[in-house]
Structure formats: C-alpha cells, structure tokens
Amino acid sequence: MLGLQIKVLIAGTDQELDAALARLPQMRPDALLVGPNAGSLFFTRAHKIVAAAEQFSIPAMYFRREFALVGGLMSYGTNTDETFQVMGEYTGRILKGEKPGDLPIQQPTRFEFVINLKTAKALGLTIPETLLATADEVIQ
C-alpha cells in the first residue's frame with residue numbers, strides 16, 4: 001500500500017470550477033489529474049486550470065494535448081483534430097440522408113502523450129529519458 005489519498009473535485013459550472021481551484025492551496029496535493037468533464041467546461045477553461053496548477057506548483061496531467069501546449073506539465077488523450085474530422089464526416093453522411101442510428105459507433109484508436117519540459121523545469125522536476133522516449137511530443 002502506498003498510503004496515498006485520492007480526493008475528487010467535481011465542477012460542472014464556472015462557479016464550481018473556481019471553488020475547486022480555490023481549494024487547492026488548502027489541500028496541498030502532490031499531483032493533479034484533470035479528466036474530461038461531461039461538457040466542454042474544462043476544455044474551454046484550460047488556461048485557468050493550468051494557471052492554477054502553476055500558481056500552486058502542482059504537477060498536473062490533463063486529458064488533451066491543448067493543456068500541455070498552454071503550459072500544463074503533460075497530457076494523455078485523444079487527438080482533437082482527428083475527433084473533429086470524424087464528427088464532420090458523420091455530419092456530412094447524415095446531411096446526405098443516412099440515418100444516425102445506422103452509422104457505426106466509433107471509438108478513438110489513437111492517443112497522444114505530450115510532455116512540456118519547460119513546465120517540468122519550472123516545477124523542479126526531471127523527466128526520465130525512458131518516459132520522454134514514449135512521448136508523442138515533447139515541448140521544449
């Protein structure tokens with residue numbers, strides 16, 4: 001047993017997100033994992049979430065590469081461009097008359113692992129070479 005505690009913060013609105021981020025200093029977490037919420041709240045507030053993790057010096061992992069691009073430590077998730085491309089193809093098929101219920105359900109098959117070395121350095125972290133070698137993208 002590692003003796004670690006997991007605390008879950010749930011936010012579905014801007015106010016709930018602000019309250020959750022405000023709790024971080026008192027909680028003093030060793031790390032933060034930001035997963036996708038039911039809507040687009042986290043994705044559209046990436047800068048705010050990354051800024052809070054940076055402000056409180058919390059290493060964080062996110063569900064989309066866009067978080068790492070704006071300064072998050074690392075991300076592992078589906079490729080946004082690929083997801084939108086499939087959505088567009090399905091929209092086109094439906095507009096041409098296909099029934100949505102007849103279209104096959106698709107799940108992502110490609111996931112991206114992105115590491116931001118600039119953020120790692122700011123946090124005083126050394127990322128092992130073996131981990132860097134597995135990354136799809138390393139931001140210098």
Report summary line: Length-normalised contact order of the stretch 1-92, Cα under 8 Å, at least 6 apart, in percent, tallies to 20
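Antiparallel as a % of all DSSP beta bridges within the chain, to the nearest 5? All intermediate terms of the calculation are to be shown ahead of the outcome.
Working: 5 of 13 bridges.
Among the beta bridges of the chain, antiparallel pairing accounts for roughly 40 percent.
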Requested in this report: Measure nothing but the geometry: give the 0 to 90° angle between the long axis through the Cα atoms of 14-27 and the longest principal axis through the Cα atoms of the chain, rounded to 10°.
Outcome: 30
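Determine, from the Cβ-Cβ distance of ILE6 and THR109 and an R0 of 25 Å, the FRET efficiency 1/(1 + (r/R0)^6), rounded to the nearest 0.05.
The computed FRET efficiency comes out at 0.30.
How many times 2.2 N^0.38 Å is the alpha carbon radius of gyration of the stretch 20-134?
Details: Rg = 17.5 Å, N = 115, 2.2 N^0.38 = 13.4 Å.
This ratio for the stretch 20-134 stands at 1.31.
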Query raised in the report: What is the Rg over Rh value, at two decimals, for the stretch 64-123, using alpha-carbon atoms and the Kirkwood definition of Rh?
Result: 1.22
Query raised in the report: Quick one: Cα centre-to-centre distance for the stretch 2-26 and the stretch 88-140, in angstrom?
Result: 24
Query raised in the report: In degrees, nearest 10, range 0 to 90: what is the angle between the Cα axis of helix 80-95 and the longest Cα principal axis of the chain?
Result: 20
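Laboratory data are not the source of any read-out in this text; all were calculated from the coordinates shown. Everything numeric in this text was worked out from a predicted model, so none of it was measured. For neighbour counting, all protein chains shown are included, and Cβ atoms are generated from backbone atoms with ideal geometry for every residue, glycine included.
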